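Contents: one structure, followed by commentary.
The values are calculated or read from the model by the stated rules, or taken from the named source; none is laboratory data. In this text, all values refer to a predicted model and were calculated from it rather than measured experimentally. Using ideal geometry, Cβ is built from the backbone for each residue, glycine included, and neighbour counts are taken over all protein chains shown.
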């Protein structure tokens with residue numbers, strides 16, 4: 001069980017730590033005028049590599065999470081009997097997975113081609129997508145930190 005918990009934590013740390021690094025360090029640096037125009041290919045390469053790492057972490061979390069669930073619930077097949085913090089954590093996990101899938105599979109592939117075109121040729125929906133796109137990773141980070149908070153509560157029990 002200790003090894004499973006450790007693997008689960010390492011996967012979560014890689015995912016959340018990477019999100020924090022990207023949002024608090026790399027993106028603000030690359031938005032500076034001296035970097036903005038020349039670093040788009042660099043950021044894309046970093047993001048694609050991080051995406052592969054994230055999905056490996058998700059796979060590991062989806063394997064270890066259910067195995068660790070038995071430490072906190074009497075019946076894994078009766079979610080209505082689970083402690084509220086477990087229910088909240090798993091609901092947040094589901095939401096985070098949905099947002100990650102939305103970002104990586106639907107939104108991400110559409111942004112590049114839209115950004116390549118002049119602004120006046122973009123449709124209203126494309127402009128809206130560009131305006132809302134940065135909020136998905138921000139919301140994902142907030143949800144991931146909330147999951148981490150729930151995990152801290154569970155660790156104290």
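Observations on the structure shown:
- Test set (1) touching a helix residue (DSSP H, G or I) at 6+ places or on another chain (Cβ under 9 Å); (2) modelled with pLDDT of 90 or more; (3) closer than 22 Å to residue 27 by Cβ - residue 150 fails condition number: (3)
- The set of residues from the stretch 72-107 being in contact (Cβ under 8 Å) with a residue 24 or more places away in the chain and within 17 Å of residue 11 (Cβ to Cβ) comprises 89, 92, 93, 96, 97, 100, 104.
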